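First the structure, in the form of structure tokens, and then the observations on it.
The values are calculated or read from the model by the stated rules, or taken from the named source; none is laboratory data. Because the structure is predicted, anything quoted here is derived from the model rather than measured. Positions of Cβ are backbone-derived with ideal geometry, glycine not excepted, and every protein chain shown enters the neighbour counts.
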Amino acid sequence: MRDAYGRLLRAAAVAAGGLLLAGCSSGGGGDEAKPSRATPTASASGAPTASPTPAGPVYVLDPKKAPRTQADAKRLALAVVAGPDDWGPGYVKRSPYLSDPGSWPVLDASCEWEAGTLPRSVLYSVTAYSEIPATGGKGPLRVAATVTVHRTEPDADWEMAETLEEALRCPDQQLRQGERITGLNSLGMPYGVGGNQTTTDSLIERGEYHNDAIKGQQYYTWFQTRVGQVTFASVVKGASGYAEGDTNAVQARVNVFMQDRVKEQLGAQS
Amino acid sequence: MSPMAQPGPLQELLPSDPSSIAGYRLLGRLGAGGMGVVYLGRTESGELAAVKVTLADQADQPDFRARFRREVEAARRVVSPWAVPVTGADPDAPEPWMATAFVPGPSVGEAVRAHGPLPERSVRILGGAVARALAAVHAAGLVHRDVKPGNVLLAVDGPRLIDFGIARTSGETALTATDMVVGTPGFLAPEQAEARTDAIGPPADVFALGCLLAYATTGRPPFGAGAVDALMYRTVHDEPDLAGVPEDLLPLLAACLAKDPADRPIAEEIADRLTEDTPGTAADWLPAPVVTTIAERSAAMLTLPDIDPTAPGTDPDAPAKPSRRGFLLLGAGAAVLAAGGGAFALLDRRDDTGADGKHPAPKPRNTWAIGVLADLSGPAREIGRAQERGARLAVERFNALHKGKPFTLELKVSDDRGQSAGALAAARRLTTDPSVLAVLGPTSDDTGIAALPAFEEAGVPLLTTSAGYNLFTLRGDGGGAPNTTVLRAIPQHFMAGVYLAWSATLLPQIRRPGVLQERTDDQYGWQYTSGARFGFKQAGITPHFRVIPGRTTDYRRIIGEMIDAGIDAYIHNGVRSTAVLAARALKQLGFTGPRFAGQHVFGPEFLKEAGSDAEGWFVCAPVIDPVQRAADPKQKPADRKLTQELLDAHRKRYGTTPAFYTGESFDVVNMVTSWLATSAAKGPLTRKGLWEALRKQKYTGAMGGYQFRDNGELIGVGTFLYGVQKGAYKYFGPAPAEPKKKA
């Protein structure tokens, strides 16, 4: 009995370790269908957070460039969010390409994503949907990028924490009718750990992806990063004919593109 | 040669001086006295060193060489960022010599004479650092005996204590007809002034430190100056003159200057009381004129012959880029000033190059070393110091048992200060020392992550009793190289989280535990939480999870939400400071369910900080209390005997019962030494293959048994459950090895 537990435990520990390693070397991803994040309830304007989670001498942001209005935030989000050109050759816009302004999916008590309202702590959030359409024996590879501009840095910090919490609370989630993810694991990599040397905070989620319209099981990867008051994420829903390692690399690159743009927009000085 | 003082104005070599000694090319004279001469030397790799040579007629005095050898060996055990390391010595040369890293800064005496008293903040930093250096000296079993302004040098990154107790003979500082007084008048303790030799111990250094700090802050020695006899009389009978000492420093200095040695604080305590911050740069801690002096002297060093601008090694962390190195050298002399650690490393590495023809082949060693890489002065210093003590007791036990056959063991200690920055350099102080076979450490995850490459490069096994970060052992599954460096005598954090959950399942009423992950140390929190999730799942329990940013302070609201969500137990996967906030909130909110926490919370600080709010908490730790184990009737008598042996040795050596983590560290080092003792008979000892050999050990020590998986991970539960009762930890026993399933 003890041995059986031992094996089980070791397997679990290794899986956890493997997840972290994956996070070091590549990106995580996200998918369109779980585009934005839940309401940062806790953020409810300024829960007294002594300072944002990760401590790290990463860079200094120019306070004069911090978005304060919805218009500022929209401009920044649209300038940053990754589109087909960032994802690479063969990717095209899906239709609709951008999420509706004000859309804000929420993970409900039964672990299903449903429409919610934009919390006060969020200035603007947008998701851009791209794909490589199904071709010659390969399935449709669906990807998306999301940028969320919060009013304050602690609000963004809370969003990161709640994303981690969602995977603990709901390892199995229904993205929409006919689309599910299962066995979700998540882990955070604040500055200085897990190979994160460039951003204030980042996290990855990985699970299995199931689509009733598509035979078999694919993978689901979500990679989310925070720079100051802005979070951005990329997501990939695996498709037949594509290797997870390859799409991870693409996701990591897309994340770096967005990272660079956010830093530029926020006037980061290192 | 009382002024061992480095460097002073550098004087030219005399025609009678040798041009080199051992591997050092001599560049000039730093000082001379009745005993011998101190030279400035340079190694082949370009490092500067102070080389102290004793005249042959002095060296032929009875016992001189034996004492010299003993003291050098002891001094090599002193590893502190604030003590100048001994980098080489030969007690058997016709003129015995000893080399230390060279620090070009002025001494405290020179600085005060030239520029007046130091500001209070400088004095606090000075005092904290010198106290730390003295703590290391005392921990090595030495007494400095001559702490004075001339023996503390000022460098950009902090002061350095030199000349700790080495080859100091009666002839050097003899002050009385009986040749019994050693030291410098004005900075002598009463017991030294009266030459009560058997009463002279570490407190004498503390007294001298008090004098030094009084001098630094007022510009006057506290017992005045002048005729030696009168000075010594005042030291023994008069109160010190502390007029002008800042109010904040006054009680501490007065305590250091107590006439009765027993009334003085110990060095560690002084360091703790003065540690408000550590210097970053010279400009940060020294007055401008002193900084200028340092810069001038550093610049002067650059004009010395044989500067090789591409010489590697002055900064172990820096990439070997010639252009950058040159820039540093020619710029501010920073690289020269950084020579402390680097020179040590290079000199010792040179010992390994015997086959290249430039150096004699190494003699067969009869002395080997066990290293300790620990946080001795940072946030986890309580644990780090406990680990050092365990290792020291194990090494002393080995030497007492084996009496030099087949070899003698030393303990070399390097303080990583609990900071990632600098941890790699701290590790390399040990791994580049060829006498070091294995290292106990690190204390903390973060410093271990930074330090690990040093151990991997050098093939030195690293044995930890407190670092649970998963990837120290769990490597290779993601495509990288498997672990062949770390042996972990505790469970990794993920497993600790599993056992924490299974401990909770012992309480049958728990159906809906609230698991909080706070992100101050996110690796720890995440791994504990993943483990707890797994552990509860095995028991058929679905917890309520919360994840919150690090350093969140509003625990009342967060825990209130968790209580509203129906939790019937609380599990804190975060650091101690937030557990204190959680404990307070739970109590204020009237929560009555059980509360649990893990390794980061365990320890006396939680009890102190949370006070009565900690009452009733359960804490899982990777260590056992040896006192409770020795008294545990469930243990076999033979096992209890081993535990008792540890308790006795600790009491004898340190006068107290061991802190947590001492026993496990004692065991792990004993495991290493017992393997070394048996294998020394089979051939020369080497680092090669040592990790694998140790990994296969099945060792039973004072705190229990240790076995390891192929990846270096501990086999077995290795987690122990404590309950806080009446302000103390009560030991309940090992955590369960499987969940208690719900009916």
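Any chance segment B:471-482 includes a residue that's acidic (D, E) and part of a helix (DSSP H, G or I)?
Here is the first cut: in segment B:471-482, the ones acidic (D, E) are B:477.
Subset that is part of a helix (DSSP H, G or I): none.
Within segment B:471-482, not a single residue is acidic (D, E) and part of a helix (DSSP H, G or I).
On the given criteria, is A:G178 within 29 Å of A:A213 (Cβ to Cβ), surrounded by fewer than 16 Cβ atoms within 10 Å (Cβ to Cβ) and in contact (Cβ under 8 Å) with a residue 60 or more places away in the chain?
Criteria not met by A:G178.
Please verify whether B:E615 is within 30 Å of B:T656 (Cβ to Cβ), of a type in the set (D, E, K, R) and surrounded by fewer than 24 Cβ atoms within 10 Å (Cβ to Cβ), treating the condition exactly as stated.
yes
Out of all the residues in segment A:226-270, which are at pLDDT 95 or above, touching a Leu at 6+ places or on another chain (Cβ under 8 Å) and part of a strand (DSSP E or B)?
Passing the criteria: A:V230, A:V236, A:K237.
Of all the residues that make up segment B:618-636, how many are out of contact with any Leu (no Cβ under 9 Å at 6 or more places or on another chain) and more than 13 Å from B:M703 (Cα to Cα)?
2
If we scan segment A:66-83, do we find a residue that is of a type in the set (D, E, K, R), modelled with pLDDT of 95 or more, within 17 Å of A:S125 (Cβ to Cβ) and in a loop (DSSP other than H, G, I, E, B)?
Scanning segment A:66-83 turns up at least one residue that is of a type in the set (D, E, K, R), modelled with pLDDT of 95 or more, within 17 Å of A:S125 (Cβ to Cβ) and in a loop (DSSP other than H, G, I, E, B).
Of everything in segment B:438-459 that's among the hydrophobic types (A, V, I, L, M, F, W, C) and part of a helix (DSSP H, G or I), which residue is farthest from B:A693 (Cα to Cα)?
Step one: of segment B:438-459, the residues among the hydrophobic types (A, V, I, L, M, F, W, C) are B:438-440, B:449-452, B:454-455, B:458.
Adding the requirement that they be part of a helix (DSSP H, G or I) leaves B:449-452, B:454-455, B:458.
Numbers: B:I449: 24, B:A450: 25, B:A451: 22, B:L452: 20, B:A454: 20, B:F455: 16, B:A458: 17 Å.
In this case the residue turns out to be B:A450.
Okay, residues lined up against (1) at pLDDT 90 or above; (2) closer than 24 Å to B:F602 by Cβ; (3) surrounded by fewer than 24 Cβ atoms within 10 Å (Cβ to Cβ); (4) away from chain A (no Cβ under 11 Å):
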site	(1), (2), (3), (4)
B:A438	yes, no, no, yes
B:G480	no, no, yes, no
B:P491	yes, yes, no, no
B:M495	yes, yes, no, no
B:Y499	yes, yes, no, no
B:Y524	yes, yes, no, no
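Is there a residue in segment B:466-474 that is in contact with a Ser or Thr (Cβ under 8 Å, 6 or more places away or on another chain), assigned by TED's automatic domain parsing to the domain that holds B:L376 and of a type outside the set (G, A, S)? First the steps, then the outcome.
Taking segment B:466-474 and keeping what is in contact with a Ser or Thr (Cβ under 8 Å, 6 or more places away or on another chain), we get B:466-467, B:472.
Then keep just the ones that are assigned by TED's automatic domain parsing to the domain that holds B:L376; that gives B:466-467, B:472.
Then drop every residue that is not of a type outside the set (G, A, S), which leaves B:472.
Among the residues of segment B:466-474, at least one is in contact with a Ser or Thr (Cβ under 8 Å, 6 or more places away or on another chain), assigned by TED's automatic domain parsing to the domain that holds B:L376 and of a type outside the set (G, A, S), which makes the answer yes.
Quick check on B:Q599: is it part of a helix (DSSP H, G or I), touching a residue at least 60 places away in the same chain (Cβ under 8 Å) and not assigned by TED's automatic domain parsing to the domain that holds B:V460? If you could, list the steps in order and put the result at the bottom.
Working: part of a helix (DSSP H, G or I): no; touching a residue at least 60 places away in the same chain (Cβ under 8 Å): yes; not assigned by TED's automatic domain parsing to the domain that holds B:V460: yes.
Taking the combined requirement at face value, the residue does not satisfy it.
Pairs, please: C-beta under 8 Å, at least 6 apart or cross-chain, first residue surrounded by 14 or more Cβ atoms within 10 Å (Cβ to Cβ) and in segment B:240-261, second of a type in the set (D, E, K, R) and assigned to a loop (DSSP other than H, G, I, E, B)?
Matching pairs, first to second residue: B:D241/B:R220; B:A255/B:R264; B:C256/B:R264; B:L257/B:R264; B:A258/B:R264.
Here is a list of conditions, (1) farther than 23 Å from A:R226 by Cβ; (2) at the interface with another protein chain (Cβ under 8 Å from one of its Cβ atoms); (3) not hydrophobic (A, V, I, L, M, F, W, C), and B:S503 meets all of them except one; can you say which number that is?
(2)
Of these, B:I541, B:I571, B:I559, which one is surrounded by fewer than 24 Cβ atoms within 10 Å (Cβ to Cβ) and within 14 Å of chain A (Cβ to nearest Cβ)?
Numbers: B:I571 fails: surrounded by fewer than 24 Cβ atoms within 10 Å (Cβ to Cβ); B:I559 fails: surrounded by fewer than 24 Cβ atoms within 10 Å (Cβ to Cβ).
Going through B:I541, B:I571, B:I559 in turn, the sole match is B:I541.
Quick one: would you say B:Q599 is within 14 Å of chain A (Cβ to nearest Cβ) and farther than 22 Å from A:D155 by Cβ?
Details: within 14 Å of chain A (Cβ to nearest Cβ): no; farther than 22 Å from A:D155 by Cβ: yes.
No.
Can you name the residue in segment B:194-214 that is over 17 Å from B:A136 (Cβ atoms) and surrounded by fewer than 24 Cβ atoms within 10 Å (Cβ to Cβ) and is also nearest to the chain's Cα centre (by Cα) among such residues?
B:I200
Pick from B:R160, B:R121: which is surrounded by fewer than 21 Cβ atoms within 10 Å (Cβ to Cβ), at pLDDT 80 or above and basic (K, R)? Working first, answer last.
Details: B:R160 fails: surrounded by fewer than 21 Cβ atoms within 10 Å (Cβ to Cβ).
Going through B:R160, B:R121 in turn, just one is surrounded by fewer than 21 Cβ atoms within 10 Å (Cβ to Cβ), at pLDDT 80 or above and basic (K, R): B:R121.
Does B:K698 satisfy being out of contact with any helix residue (DSSP H, G or I) (no Cβ under 8 Å at 6 or more places or on another chain) and free of Cβ contacts under 8 Å to residues at least 60 places away in the same chain?
Values: out of contact with any helix residue (DSSP H, G or I) (no Cβ under 8 Å at 6 or more places or on another chain): yes; free of Cβ contacts under 8 Å to residues at least 60 places away in the same chain: yes.
So B:K698 fits the description; yes.
State whether the residues of segment B:670-680 include one that is more than 16 Å from B:L437 (Cβ to Cβ) and not β-branched (V, I, T). Walk me through how you get there before you give the answer.
Kept after step one, since they are more than 16 Å from B:L437 (Cβ to Cβ), are these residues of segment B:670-680: none.
Scanning segment B:670-680 turns up no residue that is more than 16 Å from B:L437 (Cβ to Cβ) and not β-branched (V, I, T).
Given (1) surrounded by fewer than 23 Cβ atoms within 10 Å (Cβ to Cβ); (2) facing chain A (nearest Cβ under 7 Å), where does B:I548 come up short, assuming only one miss?
(1)
Residues being closer than 25 Å to B:H600 by Cα, over 19 Å from the mean Cα position of the chain (by Cα) and of a type in the set (A, V, I, L, M, F, W, C): count how many of those fall in segment B:428-479.
Going through segment B:428-479 one residue at a time, the tally reaches 3.
Restricting attention to segment B:378-387, does a residue exist that is in a helix (DSSP H, G or I), aliphatic (A, V, I, L, M) and within 15 Å of the chain's Cα centre (by Cα)?
So in segment B:378-387, the residues in a helix (DSSP H, G or I) come out as B:381-387.
Pick out the ones that are also aliphatic (A, V, I, L, M) and you get B:383, B:386.
Then keep just the ones that are within 15 Å of the chain's Cα centre (by Cα); that gives B:383, B:386.
Looking through segment B:378-387, at least one residue is in a helix (DSSP H, G or I), aliphatic (A, V, I, L, M) and within 15 Å of the chain's Cα centre (by Cα).
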